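The values are calculated or read from the model by the stated rules, or taken from the named source; none is laboratory data. As the structure is a computational prediction, the values presented were derived from the model and not from experiment. Here the Cβ positions follow ideal geometry from the backbone for every residue, glycine too, while neighbour counts run over all protein chains shown.
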Amino acid sequence: MTTEMVDWGLAVSIGSRLAGPGPQVSTEEADATVAELREGAERSTSYVRTFTGLDAGALTAPVLVVDRTAWIQANADGFSRLLTPVIAKVAERRGEPGPITQAVGSRITGAEVGGLLGFMAGKVLGQFDPFHDPHGRLLLVAPNVVHVERELDADPHDFRLWVCLHEETHRVQFTAVPWMRDHLFSQFNALAETVEPQRFLDEGLRRISEAIKNGRTGSILDLLGSPEQKEILDRLTGIMSLLEGHADYVMDGVGPDVIPSVASIRGKFDERRKGVGVLDRLLRKVLGLEAKMAQYRDGARFVRAVVDKVGMADFNAVWANSTNLPTLAEIHDPDSWVARVHRA
């Protein structure tokens, strides 16, 4: 079996068609949006450094302002890199399938992955891709930023800088803490090695179909049910809650000094995160996006509680090494993390 268990080209093609181009904007508005997002990301670097005390030094990661198709392509490339080792292991266990079986199977899974990416491509405002060599890259999805700022009736300049603050925090996290990239990759790789890719895709598609047709719910993440998978998933959830919560804490902490309407934006945006319709809410649950929203909320509470208790400088011990990262239990009990890391 080659690494083409998924027809990535087909996935990108289908995902792009499903996602659509986004809102209608003039050429002048598009150019201005791209320029403002680039400038906002660059401005945010010093804001994040001053607020958090994290400094990436000479390390940097590029900022790319992209459309939905480019975001889909970037994530297809990332998934391909993450899945390569586990697919190789499956090949060792099963042996090489016939060419027809492989071709048909890769197109089916390509269509499934394309459907997932197409749904997500209309939702994501920005994303830091830590696995892109050499130091990752920051993606800002311009059509979605414009769509959401219009939907919220937010001041475009304020909203764009607010988004940049969150995503730039992620860029600083991974460049100022260079060991984080390899540590996170090792956790994803460990989880991937426990998953049967074909079953995961087949069962995931069935769950989505049932949610659409019958209103039944149940996250794709529920397929990861073994004790080994749960242990790895708990570690990953703890890490992602820290990263997302820290970014939310920073964007709201910096915001009042540079974004006049930040309080209004936060209130409207939190309402939007709940989902805008029945189908949207169902798909968010099936895809595990409700768990993602919990990472923002629970992680921000953890960061806020620790900083309130010991200050930002002592909070930053969390970035010293992987043993200082909070467990999932500690995310919900910040005092226990303080006691463990800062015990006398």
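Only one of these conditions is not met by VAL310: (1) farther than 22 Å from PHE174 by Cβ; (2) over 23 Å from the mean Cα position of the chain (by Cα); (3) exposed (fewer than 15 other Cβ atoms within 10 Å of the Cβ). Which number is it? Only one criterion is unmet by VAL310, namely (3). Scanning the stretch 269-277 turns up no residue that is touching an Asp or Glu at 6+ places or on another chain (Cβ under 9 Å), at pLDDT 80 or above, within 30 Å of SER44 (Cα to Cα) and surrounded by 13 or more Cβ atoms within 10 Å (Cβ to Cβ).
Reported count of residues in the stretch 39-61, each being modelled with pLDDT of 90 or more and touching a Leu at 6+ places or on another chain (Cβ under 8 Å), is 6. Assess whether LEU59 counts as being outside any helix (DSSP H, G or I) and out of contact with any strand residue (DSSP E or B) (no Cβ under 8 Å at 6 or more places or on another chain). So LEU59 fits the description; yes.
When you check PHE188 against the structure, is it at pLDDT below 90 and under 17 Å from the mean Cα position of the chain (by Cα), yes or no? Reasoning before the result, please.
Numbers: at pLDDT below 90: yes; under 17 Å from the mean Cα position of the chain (by Cα): yes.
Here the answer is yes, as PHE188 does meet what is asked.
Taken across the stretch 83-106, residues that are at pLDDT 75 or above, more than 21 Å from PHE188 (Cα to Cα) and surrounded by fewer than 19 Cβ atoms within 10 Å (Cβ to Cβ) do not occur at all. The condition (being at positive phi, of a type outside the set (Val, Ile, Thr) and surrounded by 17 or more Cβ atoms within 10 Å (Cβ to Cβ)) is satisfied by just one residue among GLY40, GLY53, GLY57, GLY22: GLY22.
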